[in-house]
């Protein structure tokens, strides 16, 4: 059984590329373009066990999304993505731009592979 991963990014190209990488790793991937959409999907689908989110998004940022999501789902694993931030604030951080091997290494270390 593969992991179900929710990827959140307001940049459509980054969202698509990240989702494709995760699918290539064997994950089942859901996507959201913003935090509100992500919270709706987390509420609707209890199979989601990994949240990968951009930090810098309009409205609710990735840090706020992660904290809100974990309050609802204690066992949820979170990985942050950012091209600007240097601190994941306690969460693993993958710096943009990244290669598939960077994401795979972070997944293996912090959430387990799909």
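The values are calculated or read from the model by the stated rules, or taken from the named source; none is laboratory data. In this text the structure is predicted, and so the values were computed from the model without any measurement. Glycine gets a Cβ as well: all are built from the backbone with ideal geometry, and neighbour counts include every protein chain shown.
Checking residue 43 against (1) exposed (fewer than 14 other Cβ atoms within 10 Å of the Cβ); (2) touching a helix residue (DSSP H, G or I) at 6+ places or on another chain (Cβ under 8 Å); (3) under 22 Å from residue 114 (Cβ atoms), which single condition isn't satisfied?
Of the numbered conditions (1) exposed (fewer than 14 other Cβ atoms within 10 Å of the Cβ); (2) touching a helix residue (DSSP H, G or I) at 6+ places or on another chain (Cβ under 8 Å); (3) under 22 Å from residue 114 (Cβ atoms), the odd one out for residue 43 is (3).
Which residue out of 89, 105, 75 is outside any strand (DSSP E or B) and modelled with pLDDT under 95?
75
Evaluate region 47-54: report whether one residue or more is surrounded by fewer than 17 Cβ atoms within 10 Å (Cβ to Cβ) and part of a helix (DSSP H, G or I).
no
Of the residues in region 20-46, how many are in a helix (DSSP H, G or I) and under 20 Å from residue 73 (Cβ atoms)? Walk me through how you get there before you give the answer.
To start, the set of residues in region 20-46 that are in a helix (DSSP H, G or I) comprises 20-24, 35-44.
Those left that are additionally under 20 Å from residue 73 (Cβ atoms): 22, 35-44.
Going through region 20-46 one residue at a time, the tally reaches 11.
Does residue 80 qualify as being in contact with a helix residue (DSSP H, G or I) (Cβ under 7 Å, 6 or more places away or on another chain), at pLDDT 95 or above and either in a loop (DSSP other than H, G, I, E, B) or farther than 23 Å from residue 28 by Cβ (or both)?
Judged against the criteria, residue 80 is not a match.
Of the residues that make up region 66-77, is at least one exposed (fewer than 14 other Cβ atoms within 10 Å of the Cβ), in contact with a strand residue (DSSP E or B) (Cβ under 8 Å, 6 or more places away or on another chain) and farther than 22 Å from residue 16 by Cα?
yes
Out of all the residues in region 25-37, which are in contact with a helix residue (DSSP H, G or I) (Cβ under 7 Å, 6 or more places away or on another chain) and closer than 21 Å to residue 106 by Cα?
Scanning region 25-37 gives 25, 29, 30, 31, 32.
Considering each of 68, 53 in turn, give the residue that is within 11 Å of the chain's Cα centre (by Cα) and either farther than 21 Å from residue 27 by Cα or modelled with pLDDT of 95 or more (or both).
Residue meeting the stated conditions: 53.
Pull out all pairs, ordered by first then second residue, where Cβ-Cβ is under 9 Å, the residues are six or more apart or on different chains, the first lies in region 99-114 and is on the phi > 0 side of the Ramachandran plot and surrounded by fewer than 18 Cβ atoms within 10 Å (Cβ to Cβ), and the second is at pLDDT below 95 and not in a helix (DSSP H, G or I).
The qualifying pairs are 112/3.
Scan region 1-40 for residues that are touching a residue at least 40 places away in the same chain (Cβ under 8 Å) and buried (at least 19 other Cβ atoms within 10 Å of the Cβ) and jot them down.
Across region 1-40, the qualifying residues are 3, 5, 6, 7, 8, 9, 18, 21, 22, 27.
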